[in-house]
Amino acid sequence: MSALATQDLTIRFGGHVAVNAVTCAFAQGTLTAIVGPNGAGKTTYFNLISGQLKATAGRVSLHGQDLTGLPPSARTRAGLGRAFQLTNLFPHLSVLENVRLAVQAAQPGRHRRGLNLWSIWSDHAALTARAQGILHAVALADRQDMPVASLPHGDQRKLEVALLMALDPQVYMFDEPTAGMGHDEAPVILDLIRALKKDKTKTILLVEHKMDVVRELADRIIVLHNGVLVADGEPAAVIASPIVQQAYLGTAASAAEAEA
């Protein structure tokens with residue numbers, strides 16, 4: 001059964017059609033990689049799904065619920081999580097405080113039980129413990145007291161994943177999650193995605209240029225070109241397709257094959 005689906009999803013900017021009638025369903029418990037050359041429409045497609053852009057036509061649904069007219073915040077509450085839309089919630093608060101607030105946001109009813117001091121202390125301790133566990137998972141435990149604004153780029157990317165994990169969405173959307181990260185930092189994010197993939201109640205969408213990463217992590221690959229869905233299938237079949245290698249993946253696929 002599909003968890004997330006787009007039907008004829010389209011957006012036009014003047015005379016340019018950036019995403020053209022993309023119909024695609026994403027099954028629960030799977031990781032789908034979305035690939036294609038620069039300007040293919042991958043990030044625009046993500047923006048339409050998460051609500052950063054308003055579709056010209058078509059619809060987005062999550063477990064049968066129509067999300068098309070909802071703003072990004074409502075889509076997040078419905079269970080659709082995209083890392084970048086959560087970054088730097090409070091840049092002048094600490095890393096721990098940011099994650100703790102995200103944990104609390106995921107449980108809005110539980111922490112409004114009146115002015116009972118014991119329940120307030122208990123809830124605060126539980127929220128802190130949950131937040132610290134997430135920070136340990138993303139290798140940020142030693143930075144928990146730093147203000148978010150002072151974090152280097154690689155740690156900010158880790159924090160994006162931590163905030164997303166805190167909200168515990170049904171669908172995780174990662175747009176080049178290791179972009180700009182050093183060789184020693186990227187494996188932390190990839191290991192986290194591998195761990196998330198083990199939870200078969202979740203669905204993961206991944207935009208990624210590194211074909212070795214795509215080939216390892218993806219259950220399925222879809223290819224966009226000029227905003228059109230041009231290929232869809234198992235990773236080995238899609239990567240091996242001559243039309244995809246030559247026209248849509250270019251040297252990236254060839255380099256990945258050479259490294260294998």
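The values are calculated or read from the model by the stated rules, or taken from the named source; none is laboratory data. Please read these numbers as outputs of a predicted model, since none were measured by experiment. Counting neighbours? That spans all protein chains shown, and the Cβs are built from the backbone with ideal geometry, glycine included.
Observations
- For region 192-246, the set of residues classified as surrounded by fewer than 18 Cβ atoms within 10 Å (Cβ to Cβ), farther than 20 Å from residue 46 by Cβ and of a type in the set (Val, Ile, Thr) consists of 201, 243, listed by residue number.
- Residue check, residue 149 of a type outside the set (Phe, Trp, Tyr), buried (at least 21 other Cβ atoms within 10 Å of the Cβ), in contact (Cβ under 8 Å) with a residue 24 or more places away in the chain and under 28 Å from residue 74 (Cβ atoms): no
- Enumeration of residues in region 136-146 that are surrounded by 16 or more Cβ atoms within 10 Å (Cβ to Cβ), at pLDDT 95 or above and not in a loop (DSSP other than H, G, I, E, B): 143
- Members of region 151-188 found to be modelled with pLDDT of 90 or more and either out of contact with any helix residue (DSSP H, G or I) (no Cβ under 7 Å at 6 or more places or on another chain) or assigned to a loop (DSSP other than H, G, I, E, B) (or both), listed by number: 151, 168, 169, 170, 171
- Among residues of region 95-120 that are under 23 Å from residue 154 (Cβ atoms) and among the polar types (S, T, N, Q), those with a Cβ under 9 angstrom from a residue that is modelled with pLDDT of 80 or more and in a helix (DSSP H, G or I), sequence gap 6+ or separate chain, pair up as 98/131; 98/148; 98/159; 98/162; 98/163; 98/166.
- Any hit, region 106-114, residues being on the phi > 0 side of the Ramachandran plot, at pLDDT below 90 and not charged (D, E, K, R): yes
- Among the candidates 86, 67, 31, the residue that is modelled with pLDDT of 95 or more, under 13 Å from residue 173 (Cα atoms), in contact with a helix residue (DSSP H, G or I) (Cβ under 7 Å, 6 or more places away or on another chain) and not β-branched (Val, Ile, Thr) is uniquely 31.
- In region 12-23, the qualifying residues are those that are touching a residue at least 12 places away in the same chain (Cβ under 8 Å) and out of contact with any Phe, Trp or Tyr (no Cβ under 9 Å at 6 or more places or on another chain), and the one that is nearest to residue 192 (Cα to Cα) is 23.
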